[in-house]
Amino acid sequence: MTATLAGKTAARGEAVIDAVPGKRHGLARVDLMGMRSFRLDDGTPLFLDGLCMCWHGRRGTYDYDDWLESSQKAGINYIRLWMWHQAFGIEWDRGDKLKYRMDNAWRLDRVLAEAERRGVFVMLCLDYHGIFEIKSDYWGGNNF
């Protein structure tokens, strides 16, 4: 590897990276045999039993600590999260789409890490159903 500064070589170095097999089973995919179930990359069958935990309440990510613990005890292994502007949305500044909400990014990272720790799969919805609505909904939302 060579580092350059102002077009001139500033330093040279070498690195060795050892890749080892991971402990995970891989990504979840549709089982191609019947197209009605899922399998992990290593062939492990995957039955998803879950629910929608779109956004947190007043306690923020602490809600997910409780919800994911209860879900794990109940055998739930799948949740759905929305990147809704008031919870996990990171691009919600109407005036500047280049600034990201780092507070919401931290919240999302925190919940994803807790779900992974508990063996819960997550479907992350990058948008939600009302994002392109022009008229306000019953609660005064939408049109974001």
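Put simply, of Ile76, Ile90 the only residue that is β-branched (Val, Ile, Thr) and closer than 30 Å to Arg36 by Cα is Ile76. Would you check if Gly60 is open to solvent by less than 50 Å² (accessible area, probe 1.4 Å) and over 24 Å from Ile90 (Cβ atoms)? Against the criterion (open to solvent by less than 50 Å² (accessible area, probe 1.4 Å) and over 24 Å from Ile90 (Cβ atoms)), Gly60 does not qualify. The requirement of being in contact with an Asp or Glu (Cβ under 8 Å, 6 or more places away or on another chain), among the hydrophobic types (A, V, I, L, M, F, W, C) and over 23 Å from Gly130 (Cα atoms) is not satisfied by Leu5. Residue count for region 55-88, restricted to those that are assigned to a loop (DSSP other than H, G, I, E, B), free of Cβ contacts under 8 Å to residues at least 40 places away in the same chain and of a type outside the set (Phe, Trp, Tyr): 7.
Of everything listed in (1) modelled with pLDDT under 90; (2) buried (at least 16 other Cβ atoms within 10 Å of the Cβ), the single unmet condition for Arg36 is (2). Is at least one residue of region 96-110 farther than 20 Å from Phe121 by Cβ, basic (Lys, Arg), assigned to a loop (DSSP other than H, G, I, E, B) and in contact (Cβ under 8 Å) with a residue 12 or more places away in the chain? Yes, region 96-110 contains at least one residue that is farther than 20 Å from Phe121 by Cβ, basic (Lys, Arg), assigned to a loop (DSSP other than H, G, I, E, B) and in contact (Cβ under 8 Å) with a residue 12 or more places away in the chain.
The values are calculated or read from the model by the stated rules, or taken from the named source; none is laboratory data. Small disclaimer: the values here were computed from a predicted structure and weren't measured. Cβ: placed from backbone, ideal geometry, glycine included. Neighbour counts: every protein chain shown. Note: accessible area is taken over every heavy atom of the protein model, side chains too, but ligands, DNA and RNA are not part of it. Shrake-Rupley method; radii C 1.70, N 1.55, O 1.52, S 1.80 Å.
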